[in-house]
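These notes are about the structure you will find just below.
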Amino acid sequence: MSEFRSGLVCFVGRPNAGKSTLTNAMVGTKVAITSSRPQTTRHVVRGILTRPDAQVVILDTPGLHKPKTLLGERLNDLVREAWSTVDVAALCVSADAPVGTGDAYVVGELSRARGGGRRATFAVVTKTDLASPSQVAERLAEVAELGEKAGLDWAEIVPVSAVTGSNVDLLTRLLIERLPEGPALYPDGEATDEPEETLVAELIREAALEGVTDEVPHSIAVVIDEMGMREDRPEDRPLLDVYAVIYVERDSQKAIVIGKGGARLKQVGTKARRGIESLLGTPVYLDLRVKVAKDWQRDPKQLRRLGF
């Protein structure tokens, strides 16, 4: 009988490289919010995949980038801290765009922080469903060359599509082969160790990100003021009350999030409520307000208050 393997795998890459979608695909359920907006992920999300032979704890990290704000600096610090603790680091590169300076920046950081060669380092070409076979081949060659230039010897280079499932099982198997033998780190059945309030706040932020443009996505933060089951409800008709605040940095952004006559905020609330109900399996009353926290991404005091 083969030994049980368990360990930590960290997905890293520039913003919008498909890390969160791949995390959800491997875990088999939604543990990380996704968006077409870069820098959607703002903290390290742990997704847990448990199989009869192994347990993989996937750390989905914020996109590593050259920061322009204090928030950006703190997100980069989270990424570096995450990959310093893992058994395998996996660089994610999108198949539908040429390898660029952002990818080279991440590879350079990985090369400098690889832990004396102890940790296995993968390259994963994501979003292959959005690229032609020739484009995928180009990305694979570019990634191989990127590793050579940085002095990184890729343990594996794997093309995947989290949307179609192509090669997701193969990637999982290859990652497991690189994990040490040892007992499970989490109880069977857990998909994430994220607190429910954090998951709820992220679902609200995901809904708020949809359809906004320009700088607004980066300026949105969500804080749960209060969350709990409503008292005096019959057992067969439970109701979870969620009171949350969507923070933005300027009055003009507040107007965009609320929309004309409150129409957009109502859409955000409807989508978020459905997501929360699906996640927690109970009816939800969601109260959303929008407030301005001026330039919060650059203000240490406000960053702390918003959970950064």
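The values are calculated or read from the model by the stated rules, or taken from the named source; none is laboratory data. Fair warning: this is a prediction, and the values are worked out from it, not measured in the lab. Please note: Cβ atoms are built from the backbone with ideal geometry, for glycine as well, and neighbour counts cover all protein chains shown.
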Residues being assigned to a helix (DSSP H, G or I), within 16 Å of residue 10 (Cβ to Cβ) and not basic (Lys, Arg) - total across the range 104-139: 5
Unmet criterion (only one of (1) surrounded by 13 or more Cβ atoms within 10 Å (Cβ to Cβ); (2) under 16 Å from the mean Cα position of the chain (by Cα); (3) of a type in the set (D, E, K, R)) for residue 77: (1)
Output for the range 162-197, where each listed residue is free of Cβ contacts under 8 Å to residues at least 40 places away in the same chain, of a type outside the set (Asp, Glu) and either under 17 Å from residue 31 (Cα atoms) or not in a helix (DSSP H, G or I) (or both): 164, 166, 167, 187, 195
Test: residue in the range 184-192 that is on the phi > 0 side of the Ramachandran plot and outside the structural domain of residue 75 (by TED's automatic domain parsing): yes
Long-range neighbours under 8 Å by Cβ, at least six apart or interchain, first residue without any contact (Cβ under 8 Å) to a residue 60 or more places away in the chain and in the same structural domain as residue 61 (by TED's automatic domain parsing) within the range 90-101, second assigned to a loop (DSSP other than H, G, I, E, B) and not charged (D, E, K, R): 96/131
Top-ranked residue in the range 270-279 [being among the charged types (D, E, K, R) and more than 30 Å from residue 69 (Cβ to Cβ); ranked as surrounded by the most Cβ atoms within 10 Å (Cβ to Cβ)]: 273
Some residue of the range 156-178 being surrounded by 17 or more Cβ atoms within 10 Å (Cβ to Cβ) and farther than 30 Å from residue 5 by Cβ: no
Residue within the range 136-151 that is without any contact (Cβ under 8 Å) to a residue 60 or more places away in the chain and outside the structural domain of residue 26 (by TED's automatic domain parsing) present: no
Per-region count, the range 41-90, residues in a helix (DSSP H, G or I) and charged (D, E, K, R): 5
Subset tally (residues that are part of a loop (DSSP other than H, G, I, E, B) and at pLDDT 90 or above) for the range 203-232: 3
Every pair of residues 6+ apart whose Cβ atoms lie under 8 Å, when the first sits in the range 7-21 and is assigned by TED's automatic domain parsing to the domain that holds residue 79 while the second is of a type in the set (Asp, Glu) and in a strand (DSSP E or B): 11/60; 19/60; 20/60
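The rows are residues; the columns are (1) farther than 22 Å from residue 161 by Cα; (2) crowded, with 22+ Cβ neighbours inside 10 Å.
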position: 66; (1), (2): yes, no
position: 72; (1), (2): yes, no
position: 83; (1), (2): yes, yes
position: 89; (1), (2): no, yes
position: 95; (1), (2): no, yes
position: 126; (1), (2): no, yes
position: 144; (1), (2): no, no
Condition check for residue 240: surrounded by 16 or more Cβ atoms within 10 Å (Cβ to Cβ), over 28 Å from residue 75 (Cα atoms) and either at pLDDT below 95 or of a type in the set (A, V, I, L, M, F, W, C) (or both): yes
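Residues are listed down the side, and each one gets a yes or a no for (1) without any contact (Cβ under 8 Å) to a residue 24 or more places away in the chain; (2) loosely packed, with under 15 Cβ neighbours inside 10 Å:
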{"position": "260", "(1), (2)": "yes, yes"}
{"position": "264", "(1), (2)": "no, no"}
{"position": "268", "(1), (2)": "no, no"}
{"position": "281", "(1), (2)": "yes, yes"}
{"position": "284", "(1), (2)": "no, no"}
{"position": "294", "(1), (2)": "no, yes"}
{"position": "299", "(1), (2)": "no, no"}
{"position": "304", "(1), (2)": "yes, yes"}
{"position": "308", "(1), (2)": "no, no"}
Residue among 267, 253 that alone is part of a helix (DSSP H, G or I), more than 21 Å from the chain's Cα centre (by Cα) and under 23 Å from residue 67 (Cβ atoms): 253
